[in-house]
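Asker: The structure's right below; bear with me while I get my questions together.
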Amino acid sequence: MSLDQRFFDTWSPRALAALRLVAAFLYLQHGTAKLFHVPHVAEFDSLQALSLIGFAGVLEITGSLLLLLGLFTRPVAFILSGEMAVAYFIAHAPQGHFFSPALNRGEEAVLYCFIFLFLSVAGGGAWSIDASRGRR
């Protein structure tokens, strides 16, 4: 049994929305760990709110909540993609192994960067406020 184009036309926007929701939910935990210590990550115990990492936490919480809603998906995802690129070059690349993020603990930064870059082009998918506003 082969799948026809109608299947992909129907499910692609839903799969895109699922990717957006899962990525936003996981990313939200980075921001809440930094600013609210939930979940607790010992590395952020002495974090100063008015620091570069504190600012990143604000971007992560605000951006994740907007992405969860699917509101302003494209510009928000573009900003978060840039944040992750900066994070990779500031925190991970200087540890060496530029082309091997598994060795400099930069895998998440690279994945989030490209997932958000994809969302900035593709939009929020079927289950988003952006999509429901577009149907009006």
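Asker: At 7 Å along the Cα-to-beta-carbon direction for both Ala49 and Asp130, put a label point, then send me their distance in nm to one decimal.
Answerer: 3.0 nm
Asker: Same structure again: Consider a paramagnetic label point 7 Å from the Cα of Arg74 along Cα→Cβ; state which residues of region 99-136 have an amide N under 11 Å from it.
Answerer: Under cut-off, by backbone N: 120-124.
Asker: If you stretched the chain out fully between Thr62 and Ala102, how much longer would it get, using 0.36 nm times the residue separation minus the C-alpha to C-alpha distance?
Answerer: 11.6 nm
Asker: How many angstrom lie between the Cα centre of region 60-136 and the Cα centre of region 1-37?
Answerer: Answer, in whole Å: 12.
Asker: Let me ask another. If you line up the long axis of helix 107-122 against the longest principal axis of the chain, both from Cα atoms, how many degrees apart are they, to the nearest 10?
Answerer: Compared with the principal axis, the helix lies near 40 degrees.
Asker: Quick check on the exposure proxy: order Glu83, Glu60 from fewest to most C-beta atoms within 10 angstrom.
Answerer: Glu83, Glu60
Asker: Here is a further query. On a full-extension model of 0.36 nm per residue, what is the gain between Trp11 and Gln95, subtracting their alpha-carbon distance, rounded to one decimal in nm?
Answerer: 26.2 nm
Asker: Right, another one. Length gain on complete extension for the stretch Phe36 to Leu3, per 0.36 nm per residue less the alpha carbon to alpha carbon distance?
Answerer: 7.2 nm
Asker: Moving to a separate point now. Given the options His30, His92, His40, which has the most mean-square fluctuation in a GNM of the chain, springs set between C-alpha atoms less than 10 angstrom apart?
Answerer: His40
Asker: So how tilted is helix 5-35 from the main axis of the chain? Cα-based, degrees 0 to 90, rounded to 10.
Answerer: Around 20 degrees separate the two axes.
Asker: On to the next question. Once the convex hull of the C-alpha atoms of region 8-134 is built, how many Å³ does it hold per residue, rounded to a whole number?
Answerer: Hull volume normalised by residue count: 110 Å³.
Asker: Once both axes come from the Cα atoms, what is the angle between helix 52-69 and the longest principal axis of the chain, in degrees from 0 to 90, rounded to 10?
Answerer: Approximately 20 degrees, to the nearest ten.
Quick note: the coordinates plus some simple rules give every number you see, no bench work behind them. This structure is a prediction, so every number in the text was calculated from the model and none was measured. Backbone-built Cβ (ideal geometry, glycine too); neighbour counts: all protein chains shown.
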